[in-house]
Amino acid sequence: EKHTVTRSGGRSEREFTGEHDEIEVVSQTDLNLFHQSPRAYYFSQLVSDQTEKQMVRGNLLHQYSEYIFSNGVPEEEEEFIELMIEEIKPHMDMRQEEMMRTEFRIGINALNSLHDRLDWKEFEHSLISTEGDENIFAEEFGGKADSSITETYFKDENLGIKGKIDLMPSADHLLDIKTSRSIRSKKDIVT
């Protein structure tokens, strides 16, 4: 496919001649990144160590959310933090351990607070649940990670979109749990 690139030195025509996969659906995150920079999107597909560490950290906090909304907030959180540190160690420098421990403690406290103050209840819906997905906390400490309100997926090939709903406390209330350091406004998220 031909496209034109404009640089400070002038315009140049380029032709893409490589193979590519047909994308049928795209997530909001990938679409936003592609809109900002197709090159950044391409490189994001080649996961770096830093990106992998962030993904592992985010996945651990999301799994913790699944666990507490299925089993309740645990009395002792240090065991959970230790398990998280063990899981992320291969992706980080040992000098970062105390900082990561603090980040996990803050994340756990925020999720526990959300669990305790949010008005939520289990309900039936037609979205795809995470049933059968791995949850290290359920495996390590027993219990379940099968709440109908956490980690549900949607995919609509007609609209070309897909995504994950982190927390759905009711049929008309969706929450997107952010674990990244970048803070976006409600307007940015809705857009």
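What the table shows:
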| read-out | value |
| --- | --- |
| Flagged links, alpha-carbon separation over 29 Å, of Lys89/Lys162; Lys89/Lys144; Lys89/Lys121; Lys121/Lys155 | Lys89/Lys162; Lys89/Lys121 |
| Asp156 paired with Glu78, simple spin-label distance in nm, labels 7 Å along Cα-to-beta-carbon | 4.8 |
| Å² of accessible area per residue within the stretch 58-97, as computed with a 1.4 Å probe and no ligands counted | 48 |
| Most to least packed among 62-74, 107-119, 137-149 [average Cβ atoms within 10 Å] | 62-74, 137-149, 107-119 |
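The values are calculated or read from the model by the stated rules, or taken from the named source; none is laboratory data. Please read these numbers as outputs of a predicted model, since none were measured by experiment. Here Cβ is always computed from backbone atoms with ideal geometry, including for glycine, and neighbour counts include all displayed protein chains. The protein model used for the area step is the full one, side chains on, heavy atoms only, and it has no ligands, DNA or RNA in it. Shrake-Rupley method; radii C 1.70, N 1.55, O 1.52, S 1.80 Å.
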